[in-house]
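The values are calculated or read from the model by the stated rules, or taken from the named source; none is laboratory data. As the structure is a prediction and not an experimental result, all values here were calculated from the model. Cβ atoms come from the backbone with ideal geometry, glycine included; neighbour counts cover every protein chain shown. Keep in mind that these areas ignore ligands, DNA and RNA; they rest on the heavy atoms of the full protein, side chains included. Shrake-Rupley method; radii C 1.70, N 1.55, O 1.52, S 1.80 Å.
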Amino acid sequence: MAKESLKVWQRVLAHAGRLSDTSLRSLFSQDLTRSVKFSRTLWDSKDEIYVDFSKQLIDDQVLNELLALAKDLQIIEQFTEMRNGAKINWSEQQAVLHTALRADKKQTLNVDGVDVIAQVHTELDSLRKFANSVRTDKRFKKIVSIGIGGSDLGPALVFDALSPNYKTAVECSFIGNIDAHEIESVLEKSKASETLFIVCSKSFNTIETLTNANIARNWLATKLGVEQNSKTLADHFVVVSAHPERAIEAGVIAANSFNIWPWVGGRFSISSAMSLAPMIAFGPDIFDEFLAGMRAVDDQMQNSSPENNVSLILGLIDIWNFSVLGHTSQAFIPYAFQLRLLSDYLQQLIMESNGKSVQVDGSATAMRTSPVVWGGVGTNAQHAFFQMLHQGTDVVPVEFIGFSQSVHDQRVAHDALIANMFAQSKALAFGRTLEEIDAEQTSDENANHRVMAGNRPSTTVLARAMTARTLGALIAMYEHRVFVQGVVFGINSFDQWGVELGKSLASELSNEISGSSAPTQKGDKDQLDGSTRSLINLYRQHRKN
Ligand code: F6P
């Protein structure tokens with residue numbers, strides 16, 4: 001955090017002490033307007049998204065102090081600078097312009113002499129044209145999108161989320177892991193002549209994606225009975241990358257290639273060409289709706305008054321929970337089967353962005369930064385980990401996400417689904433006292449094990465329906481919360497140096513495992529630690545048998 005804001009930060013911290021003996025029960029009984037005061041609409045239209053944060057352990061003073069901190073840190077001004085191309089990813093000397101991917105065509109934005117919005121729309125026009133050609137000539141009935149991290153989770157989330165609501169023109173599978181069981185399980189259910197592979201990699205030097213692209217290419221060549229460099233094969237490949245030249249070097253010859261730019265972070269690339277598979281599946285018009293939802297929230301983040309700025313408020317409440325109250329994890333639990341990938345997606349978005357401990361000036365962060373992000377789907381989660389959420393020793397802030405309308409007409413089931421979501425939020429907040437248990441006249445001698453402490457914070461997001469616009473609005477809100485947190489932490493949310501060491505070590509150990517590294521000469525000190533060496537030896541022994 002900027003040193004100039006430490007005074008305001010001390011005032012925020014002081015409120016934790018003031019509220020330490022307060023409970024949500026008392027906060028609600030003292031103020032009957034609480035649920036109105038601490039709820040907002042993410043965005044006013046027929047697709048509004050209602051956000052109820054009244055079950056967070058805050059009061060007026062806390063919210064006002066957090067907003068004062070945001071003002072002091074100039075969070076909105078910094079967001080505007082980001083949206084205008086400031087090179088805030090300082091360690092990679094890059095702008096951070098995922099917002100440009102959904103900017104209005106009428107806008108312009110000059111970065112290093114290039115109008116990036118014009119670039120985006122030129123690419124979008126090419127993507128729409130290609131998507132429509134695949135949808136109309138119907139040659140390809142299956143799309144296999146190969147990528148990992150943000151090059152996988154984003155498109156897969158969009159496809160899962162929108163599949164029940166919109167008719168898909170093609171079947172889509174998403175492959176990320178280098179564990180070939182995954183790609184094999186997809187290929188065995190695919191017909192080569194009808195399969196289009198979209199190889200998504202911003203860097204095009206990600207070993208998992210390169211390996212899977214090679215497996216796909218060999219499978220296709222064999223099934224189609226053609227040479228590796230045949231045009232027939234190239235017709236079955238599309239590349240999405242910031243380095244298409246590397247795809248060719250890697251032998252991934254594609255008849256179609258689309259751009260992503262260095263100023264789009266992998267975990268912020270859901271609104272880019274990385275999502276070509278769902279764009280083909282549902283059509284460019286639906287994808288445009290998704291982008292419109294994102295744009296609406298970008299505009300709200302930049303133009304709303306702070307006290308009505310939902311993305312800002314939720315980002316500040318995140319800070320309150322992690323860095324003030326000291327909660328070390330955060331659970332996202334959509335009561336929506338379509339959003340079963342949401343917590344995986346948010347794990348990367350939040351933890352890869354803010355799982356850092358060094359500030360922009362090189363000093364150690366002055367506060368706890370990213371929580372452990374996890375989650376599941378309601379109501380399944382109630383039969384897995386809600387016991388811990390209700391009676392565990394750790395308090396975990398929970399975010400519930402639900403939709404009032406359903407595509408199916410199983411009204412009883414949907415009512416029960418949403419009733420469960422509301423019930424869990426209520427139980428976490430207000431618990432159940434020993435007196436209330438006694439009143440139930442249980443036979444328990446010592447009923448302490450039945451007490452639910454409550455006072456466990458949650459936010460409930462209730463949207464009218466899972467439309468493409470609503471999905472876009474929700475994702476943009478999560479992207480901007482990460483930005484808010486990063487500014488308060490004083491870190492760079494847009495690089496990921498922490499993943500580099502593992503990648504380089506894996507490459508060295510692959511050589512050891514395959515036996516291609518130089519043999520250790522007698523008497524030489526083994527460069528490997530004893531544990532790794534033993535594991536490699538055992539693995540190689542197992543592979544021999
Ligand atoms: O996890 C590191 C990372 O670079 C992510 O940020 C990114 O989404 C993923 O790997 C895949 O990278 P690429 O799109 O360059 O293959």
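What's the number of the only condition in (1) away from the ligand (no atom under 13 Å from the Cβ); (2) surrounded by 15 or more Cβ atoms within 10 Å (Cβ to Cβ) that residue 181 fails to meet?
With respect to (1) away from the ligand (no atom under 13 Å from the Cβ); (2) surrounded by 15 or more Cβ atoms within 10 Å (Cβ to Cβ), residue 181 is out only on (2).
With the requirement that a residue be among the β-branched types (Val, Ile, Thr) and more than 21 Å from residue 88 (Cα to Cα), what does region 333-373 give you?
333, 372, 373
Open to solvent by 10 Å² or more (accessible area, probe 1.4 Å), among the aromatic types (Phe, Trp, Tyr), within 16 Å of the ligand (Cβ to nearest atom) and under 23 Å from the mean Cα position of the chain (by Cα): is that true of residue 174 in this structure? First the steps, then the outcome.
Values: open to solvent by 10 Å² or more (accessible area, probe 1.4 Å): yes; among the aromatic types (Phe, Trp, Tyr): yes; within 16 Å of the ligand (Cβ to nearest atom): yes; under 23 Å from the mean Cα position of the chain (by Cα): yes.
In short, yes.
So if I check each of 329, 275, 305, 269, which one is open to solvent by 10 Å² or more (accessible area, probe 1.4 Å), at negative phi, among the hydroxyl-bearing types (Ser, Thr, Tyr) and under 18 Å from the mean Cα position of the chain (by Cα)?
On the way: 275 fails: open to solvent by 10 Å² or more (accessible area, probe 1.4 Å); 305 fails: under 18 Å from the mean Cα position of the chain (by Cα); 269 fails: open to solvent by 10 Å² or more (accessible area, probe 1.4 Å).
Answer to the check: 329.
With acidic (Asp, Glu) and under 30 Å from residue 279 (Cα atoms) as the only criterion, which of 479, 512 stands out? Lay out the reasoning, then the answer.
Working: 512 fails: under 30 Å from residue 279 (Cα atoms).
479 is the lone residue from the list that is acidic (Asp, Glu) and under 30 Å from residue 279 (Cα atoms).
What's the number of the only condition in (1) surrounded by 22 or more Cβ atoms within 10 Å (Cβ to Cβ); (2) under 14 Å from residue 477 (Cα atoms); (3) not hydroxyl-bearing (Ser, Thr, Tyr) that residue 322 fails to meet?
(2)
Being touching a helix residue (DSSP H, G or I) at 6+ places or on another chain (Cβ under 6 Å), of a type in the set (D, E, K, R) and either within 26 Å of residue 494 (Cα to Cα) or part of a strand (DSSP E or B) (or both), is that true of even one residue in region 360-370? Give the steps one after another, and end with the answer.
Residues of region 360-370 touching a helix residue (DSSP H, G or I) at 6+ places or on another chain (Cβ under 6 Å): 365, 367-370.
With of a type in the set (D, E, K, R) added as a condition, the list becomes 368.
Applying the additional criterion that residues be either within 26 Å of residue 494 (Cα to Cα) or part of a strand (DSSP E or B) (or both) yields 368.
Checked against the condition, which is being touching a helix residue (DSSP H, G or I) at 6+ places or on another chain (Cβ under 6 Å), of a type in the set (D, E, K, R) and either within 26 Å of residue 494 (Cα to Cα) or part of a strand (DSSP E or B) (or both), region 360-370 yields at least one hit.
Tell me, please, whether a residue that is under 21 Å from the mean Cα position of the chain (by Cα) and either modelled with pLDDT under 95 or not β-branched (Val, Ile, Thr) (or both) can be found in region 110-120. Before you say what the answer is, go through the steps one by one.
At the first step, the residues of region 110-120 found to be under 21 Å from the mean Cα position of the chain (by Cα) are none.
Within region 110-120 (the criterion being under 21 Å from the mean Cα position of the chain (by Cα) and either modelled with pLDDT under 95 or not β-branched (Val, Ile, Thr) (or both)), the answer is no, since none of the residues qualifies.
Looking only at region 52-75, how many residues end up being open to solvent by less than 30 Å² (accessible area, probe 1.4 Å), in a helix (DSSP H, G or I) and more than 19 Å from residue 484 (Cα to Cα)?
Total meeting the criteria: 0.
So how many residues does region 196-249 have that are of a type in the set (D, E, K, R) and within 16 Å of the ligand (Cβ to nearest atom)? Steps first, answer last, please.
Here is the first cut: in region 196-249, the ones of a type in the set (D, E, K, R) are 202, 208, 217, 223, 227, 231, 235, 245-246, 249.
Narrowing the set further to residues that are within 16 Å of the ligand (Cβ to nearest atom) leaves 202, 208, 245-246, 249.
Here the count works out to 5.
Select from region 265-296 the residues that are among the aliphatic types (A, V, I, L, M), in contact with a strand residue (DSSP E or B) (Cβ under 9 Å, 6 or more places away or on another chain) and within 27 Å of residue 88 (Cβ to Cβ) and list them in ascending order. Break it down stepwise before answering.
Kept after step one, since they are among the aliphatic types (A, V, I, L, M), are these residues of region 265-296: 270, 273-274, 276-277, 279-281, 286, 291-292, 294, 296.
After this cut, where a residue has to be in contact with a strand residue (DSSP E or B) (Cβ under 9 Å, 6 or more places away or on another chain) as well, the list is 273-274, 276-277, 280-281.
Result: 273, 274.
So residue 492 ticks every box in (1) open to solvent by 70 Å² or more (accessible area, probe 1.4 Å); (2) in contact with a helix residue (DSSP H, G or I) (Cβ under 7 Å, 6 or more places away or on another chain) but one. Which box is left unticked?
For residue 492, the exception is condition (1).
Could you say whether any residue in region 24-45 is touching a helix residue (DSSP H, G or I) at 6+ places or on another chain (Cβ under 6 Å), within 22 Å of residue 480 (Cβ to Cβ) and acidic (Asp, Glu)? Outline the logic, then answer.
Residues of region 24-45 that are touching a helix residue (DSSP H, G or I) at 6+ places or on another chain (Cβ under 6 Å), as a first pass: 24-25, 28, 34, 40, 42-43.
Those left that are additionally within 22 Å of residue 480 (Cβ to Cβ): 40, 42-43.
Then drop every residue that is not acidic (Asp, Glu), which leaves none.
Scanning region 24-45, I find no residue that is touching a helix residue (DSSP H, G or I) at 6+ places or on another chain (Cβ under 6 Å), within 22 Å of residue 480 (Cβ to Cβ) and acidic (Asp, Glu), so the answer is no.
Residue by residue through region 145-171, note down the ones that are more than 17 Å from the chain's Cα centre (by Cα) and open to solvent by less than 20 Å² (accessible area, probe 1.4 Å). Give the derivation first.
From region 145-171, those more than 17 Å from the chain's Cα centre (by Cα) are 145-146, 163-171; that's our starting set.
Within region 145-171, 145, 146, 170 meet the criteria.
Could you count how many residues in region 275-320 are touching a residue at least 24 places away in the same chain (Cβ under 8 Å) and either of a type in the set (Val, Ile, Thr) or not in a helix (DSSP H, G or I) (or both)?
Qualifying residue count for the region: 9.
How do the strands (runs of 3 or more DSSP E) wholly within region 371-486 filter down when requiring 1 or more residues that are open to solvent by 70 Å² or more (accessible area, probe 1.4 Å): which remain?
On the way: elements: 372-375, 398-403, 458-463.
Filter on region 371-486 gives 372-375.
If I ask for residues that are part of a helix (DSSP H, G or I), more than 16 Å from the ligand (Cβ to nearest atom) and within 26 Å of residue 345 (Cα to Cα), which ones from region 124-152 would you list? Give the steps one after another, and end with the answer.
Within region 124-152, the subset part of a helix (DSSP H, G or I) is 124-137, 150-152.
This time we only want the ones that are more than 16 Å from the ligand (Cβ to nearest atom), so: 124-137.
Once the filter is applied, which keeps residues that are part of a helix (DSSP H, G or I), more than 16 Å from the ligand (Cβ to nearest atom) and within 26 Å of residue 345 (Cα to Cα), region 124-152 yields 124, 127, 128, 131.
Does residue 160 satisfy the condition of being more than 30 Å from residue 406 (Cα to Cα) and either away from the ligand (no atom under 16 Å from the Cβ) or assigned by TED's automatic domain parsing to the domain that holds residue 277 (or both)?
Numbers: more than 30 Å from residue 406 (Cα to Cα): no; either away from the ligand (no atom under 16 Å from the Cβ) or assigned by TED's automatic domain parsing to the domain that holds residue 277 (or both): yes.
Criteria not met by residue 160.
Among the residues in region 6-16, are any in a loop (DSSP other than H, G, I, E, B), of a type in the set (A, V, I, L, M, F, W, C) and over 23 Å from the mean Cα position of the chain (by Cα)?
The first filter runs over region 6-16 and keeps only residues in a loop (DSSP other than H, G, I, E, B), leaving none.
No, because not a single residue in region 6-16 is in a loop (DSSP other than H, G, I, E, B), of a type in the set (A, V, I, L, M, F, W, C) and over 23 Å from the mean Cα position of the chain (by Cα).
Being open to solvent by 60 Å² or more (accessible area, probe 1.4 Å) and either among the charged types (D, E, K, R) or in contact (Cβ under 8 Å) with a residue 40 or more places away in the chain (or both) is the filter here, so list the residues in region 14-47 that pass it. Break it down into steps so the answer makes sense when it comes.
Keep residues of region 14-47 that are open to solvent by 60 Å² or more (accessible area, probe 1.4 Å), which gives 14, 18, 20-21, 25, 29-30, 32-33, 36-37, 44, 46.
Once the filter is applied, which keeps residues that are open to solvent by 60 Å² or more (accessible area, probe 1.4 Å) and either among the charged types (D, E, K, R) or in contact (Cβ under 8 Å) with a residue 40 or more places away in the chain (or both), region 14-47 yields 18, 21, 25, 37, 44, 46.
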